[in-house]
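Values quoted throughout were computed directly from the atomic coordinates according to the rules given, and no laboratory measurement underlies them. Given the structure is predicted, the values throughout are model-derived calculations rather than measurements. Backbone-built Cβ (ideal geometry, glycine too); neighbour counts: all protein chains shown.
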Amino acid sequence: MTKNLNVEVDALNLGSLKRGVNRLVADLRHLLGDAERLHNELEALTPAAHTRPQAPAPNLLISTQPPRPQLLRLRDVIGLVGLSRSTVWRLAREGKFPAPCRLTGKAAVAWFAADIETWIASRREA
């Protein structure tokens, strides 16, 4: 008799446990549906919230920092103006391109960025 009673109690507990799990699953599905609906409403209100703002294209030498003298080495100048090494030196000798300043001794030279920017701007006008 006790054995039969235990089986009935276990069956009753198992049945109520299944009903409880089914209720929890239904509640979770309901909450998931609510969350998805709210997500879609938020996306509709703020479509740009999920995209990163595009940074403006960087200008050649424009900076947000206070202006300070910036020196450019020959490879940087060549990259900015699109001229060959020999053409840069020839135009500098002829006075048609900014002259470099000496950094140390004879070998190390650089150009002031402002001078190169001015020269580039003058090319637009020419």
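How much net charge surrounds T118 when only other residues with a Cβ under 15 Å from its Cβ are counted (Lys, Arg +1; Asp, Glu -1)?
0
Excluding V109 itself, calculate the net charge of residues whose Cβ lies under 14 Å from the Cβ of V109, where each Lys or Arg counts +1 and each Asp or Glu counts -1.
Neighbour charge sum, excluding V109 itself: +4.
Express the relative contact order of region 71-125 as a whole percentage, based on alpha carbon pairs under 8 Å and six or more residues apart in sequence.
Relative contact order, region 71-125: 37 percent.
State the answer as a single residue: which of L80, T104, I116 lies farthest towards the positive end of the charge dipole of region 71-125, with beta carbon charges of +1 for Lys and Arg and -1 for Asp and Glu, about the Cα centre.
T104
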